[in-house]
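Accompanying notes for the structure given below.
The values are calculated or read from the model by the stated rules, or taken from the named source; none is laboratory data. Bear in mind the structure is a predicted one, so any value in this text is a computation, not a measurement. Here the Cβ positions follow ideal geometry from the backbone for every residue, glycine too, while neighbour counts run over all protein chains shown.
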Amino acid sequence: MGFQIRLLSLLLSSVFVTFALNGDSDDSRQGPPERDAHPRERIAYRTDLAILPCTARRRSSTTTYSSDRDDVKMTHWHQPPNIPDINNNNDRLYEWKKDDQEVILTPSKYKIVDGELHILSPRRPDDEGKYQCIAYNEDGAKISLPTYLRIAYMEPFEPTVRLPIVVNEGDTFRIRCVPPDHYPSGKYNWYKDVPHQLVQQDKRIFISNKNGDLFFRYATLQDSGNYSCVLSDDHPSHGYYIVHSPATSVVVRPGSITSRPPHVVLSPEIVHAVEGQTVTMQCFDDAYPVSKTVWKRRVRKEDIDELPLPRNAVLQSHDHLLVLPDVRRESAGYYFCEVENELGRSNILARLSVNVPAKVTSLGKDIPLRLGNDVTLEATFEGTSPVTVTWYRNANEVVTNSKYVIKGDALTITDLRFTDRGRYQCMVQNEYGADQVFFNLVAVEPTIVKPMKDAQTAILGETATVVVRWEASPPFMINWRQRDTTVVTMNMDDKRAVLVTIINHRMNVTKEGYLSINDVTAADEGNYTFSVSNQFGHTEASNQLLVIAPPTAQSASNIPLLAVGAILALLIIVGAAVVVWVVMKRRRDRVSSPIRPDAAIVRPNADEAFRVRLYIDDNVAVNEDFGTDDTRALTEDL
């Protein structure tokens, strides 16, 4: 009852009423009122606040080569030049632009909250336009794809008194809504007389969803009355607007309804859509008896063969509306509405063209930086022409000069220097959308990740593998030396092709750069040096390897044999790298202790302190570390 009273008051008044609810649109659409919206638009419904999220994320990811993963990659963070300090102040982490000009933050108008731009009391058209944010992180700066802000509004109907409509019973007639300017698209309803009656659509009555006009296939005496068009917001979850027109009086004079063949009075028009949008086509005729409506499709106007409608096509309003949700480029072509009754047939064609937003079809990648060389970054894309291509470095647009050459969709960077490292961004745009792809020029000096110290121990006749934690980019050369003699090298080129050179047939290098020594002998004792280098630098780390004899048979008499393939890891920190010796057991005797019956330990030398030497039962997640005193206590009975 409350709604009826409110609506009645609206119908009796020529003043528009606006009900605004708190909420911010999540729609990403844009465009003038007479057509569907742009895919990257955001509509502000609130009168006190508009919020634009920053789609340029601050996440950093620069890929470098390292020893840490099987695919020889890791995430590396570095601070490029010429960007603000990274701290916890959002004002320093994000910037915003409007129509390519910097947005000046002021407490009364613009604020940044967790990267979002808050626009206080947004006004049309001053605050409408193209917005982009810039996010700073450890890799540099990134500029977002453009977002188009539109402010929802609905003007009142013109209060001009409308002329009455006089028709004869059986006539076809239309009552025009003449809606006011508004955005976004709204929903139309019609009400009749007081107390009001909602006009229901059926096979005889149709309301155009384009302009709100009310169509009657044929008039009846009951159609006489006063009609008012009501326009309301189609997104009530974001806000609520409603306006109504002055009443139009309809007088139906008595007469007779004569039969007639169909004649289309409301036809589908040429439709220009954007891929992904919803398209509606409408068709209404004046036939009596009522006609049957059928929608058909052709690729070309002159074709005879018909195609099925798109699979997701929906017919509404007694088949007067054809709805194509999520329209695809394959949906383009000619659609025709065919109406038929027992007296005749009529059809009319409409053309649907589907425009494709600009979209990148190639992948970004990390490219090693080669000093003195040129490198070309190229992005492929699709989309309805014209498509513009813009390159950015640290959110600054790149223009052709002595350093950069832009031809078509390709950017060439000449005479590479270390300062050219960092992120490059390619943005493609057309009237219907935008997309982007990123390239990273990677330059990392070789680095030993952690220091190392203390000598290492290997067992005669066994296999030892040494792991050094390192990183470097672009591709590199690894060298292992025993004392001053190279025993194995590994080279990686730009295409990740690896060449391994083996000097000592018992020594090899794994794909991670680790040194593997098979069938350890006394001659393998001594100093080992690992080095890694590329064009940006060189680094190395050394460590001593001590070779000891295997346990005696007597020491192993009280303990079961360890299964073939068991592993004993010895972790020692020495000098400038972390080195992990992994002893691969073909067969290994262990010594038990009554103090620790759950453990099996390597028999140590009298003055030696082993670490990570216990092979504990399955209930213990990791091996335990024991110093010299602990070791002697455990083995004092041996």
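Tabulated data
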{"item": "The listed residue being crowded, with 16+ Cβ neighbours inside 10 Å and closer than 30 Å to Asn440 by Cβ, out of Gly170, Gly140, Gly212, Gly225", "result": "Gly140"}
{"item": "Lone qualifier among Asp409, Asp415 - being of a type in the set (D, E, K, R) and surrounded by 15 or more Cβ atoms within 10 Å (Cβ to Cβ)", "result": "Asp409"}
{"item": "Filtered residues of segment 323-353 (kept if closer than 30 Å to Ser385 by Cα and either free of Cβ contacts under 8 Å to residues at least 12 places away in the same chain or outside any strand (DSSP E or B) (or both))", "result": "Pro325, Asp326, Val327, Arg328, Arg329, Glu330, Ser331, Ala332"}
{"item": "Asp493 vs. criteria surrounded by fewer than 17 Cβ atoms within 10 Å (Cβ to Cβ) and either at pLDDT below 80 or under 45 Å from the mean Cα position of the chain (by Cα) (or both)", "result": "yes"}
{"item": "Selected residue (only one of Ala464, Ala455, Ala434 is in contact (Cβ under 8 Å) with a residue 24 or more places away in the chain, of a type in the set (Gly, Ala, Ser), closer than 17 Å to Leu145 by Cβ and not assigned by TED's automatic domain parsing to the domain that holds Glu330)", "result": "Ala434"}
{"item": "Among (1) at pLDDT below 95; (2) touching a Cys at 6+ places or on another chain (Cβ under 8 Å); (3) among the aliphatic types (A, V, I, L, M) - the single one Leu117 does not satisfy", "result": "(1)"}
{"item": "Test: residue in segment 157-166 that is in contact with a strand residue (DSSP E or B) (Cβ under 8 Å, 6 or more places away or on another chain), buried (at least 17 other Cβ atoms within 10 Å of the Cβ) and closer than 30 Å to Ile43 by Cβ", "result": "yes"}
{"item": "Checking Arg150 against (1) surrounded by fewer than 19 Cβ atoms within 10 Å (Cβ to Cβ); (2) closer than 30 Å to Cys133 by Cβ, the condition it does not meet", "result": "(1)"}
{"item": "Strands (runs of 3 or more DSSP E) wholly inside segment 195-284 that include at least 1 residues being β-branched (Val, Ile, Thr), closer than 17 Å to His318 by Cα and in contact with a Pro (Cβ under 7 Å, 6 or more places away or on another chain)", "result": "none"}
{"item": "Qualifying strands (runs of 3 or more DSSP E) (wholly inside segment 360-421; at least 2 residues being in contact with a Ser or Thr (Cβ under 9 Å, 6 or more places away or on another chain), closer than 30 Å to Glu102 by Cα and free of Cβ contacts under 8 Å to residues at least 60 places away in the same chain)", "result": "404-407, 410-413"}
{"item": "Strands (runs of 3 or more DSSP E) within segment 479-555 that include 2 or more residues in contact with a helix residue (DSSP H, G or I) (Cβ under 8 Å, 6 or more places away or on another chain), closer than 18 Å to Val467 by Cα and assigned by TED's automatic domain parsing to the domain that holds Pro368", "result": "none"}
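Per-residue answers, yes or no, for (1) of a type in the set (Lys, Arg); (2) crowded, with 17+ Cβ neighbours inside 10 Å:
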site	(1), (2)
Lys301	yes, no
Pro308	no, no
Asn312	no, no
Leu315	no, no
Leu322	no, yes
Glu330	no, no
Tyr335	no, yes
